[in-house]
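These notes concern the structure reproduced below.
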Amino acid sequence: MNVTTAVHTDLGRRPCTGFIYNTSTADSGIYYCSVTHSVISYMGNGSTVIITERHPRPIITLYVPDVSVGPSVSLQCVVMGVVPSEVSVSWVIGESEMTGWMEWGWTNTNDSAVEYTRAHISIPSENWMEAQNVECVVEVDSRRVSKSLKQGSSQVCSWLLYLGSVVILAFITVIVTAVSGKCNI
């Protein structure tokens, strides 16, 4: 960062330049430059320096649709915590990466309003049902952050639950058969 403040000296108008390295948001403030010539000191008017985080980690929220509504499914991915003009959003559905349409806005109109980017995409219902992975991918400052929905994971969990129940039932049947066989002797 380079902070420049102009001060007047008897030698003419010369800039006073200061450098601040390895800054954090706590370094924000008013910085003054002073120059001493002979026995006279000159002080600048001060430069207000506001240091912000370059690109904080985006907050991603996915809105899952009601699949039973129609022939297509509309997905929404809302990204907050980053400047909308610096965000790129894409979707990974199954093995394909695609883009939809995006809009930008503010959460409300008061002082606590936050900028957001909302990305939309509409896909056929059968693509939604068949996809093992649906992912919103956000790229900010050459970093990729994503949030995904594992559509197929609920089917895998159902099969594991079913298989586990069958194994437990078979185990109980073997135990009961063994115990009842010993009781008949």
* Alpha-carbon gyration tensor eigenvalues x 5, square-rooted, for segment 59-151, Å -> 25, 15, 10
* Highest to lowest packing among 70-79, 25-34, scored as the average C-beta count within 10 Å -> 70-79, 25-34
* Relative contact order (percent, whole number), segment 59-151, Cα cutoff 8 Å, 6+ residue spacing -> 31
* Asked: Using θ = phi - 60° and the Karplus curve 6.51 cos²θ - 1.76 cosθ + 1.60, what whole-Hz ³J(HN,Hα) does each residue of segment 76-91 get, with Gly and Pro shown as x?
  -> 10, 10, 9, 10, 10, x, 9, 6, x, 5, 9, 10, 10, 10, 9, 10
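No value in this document is a laboratory result; all are computed from the given coordinates. On a predicted model such as this, the values are computed, not experimentally measured, just so you know. Cβ: placed from backbone, ideal geometry, glycine included. Neighbour counts: every protein chain shown.
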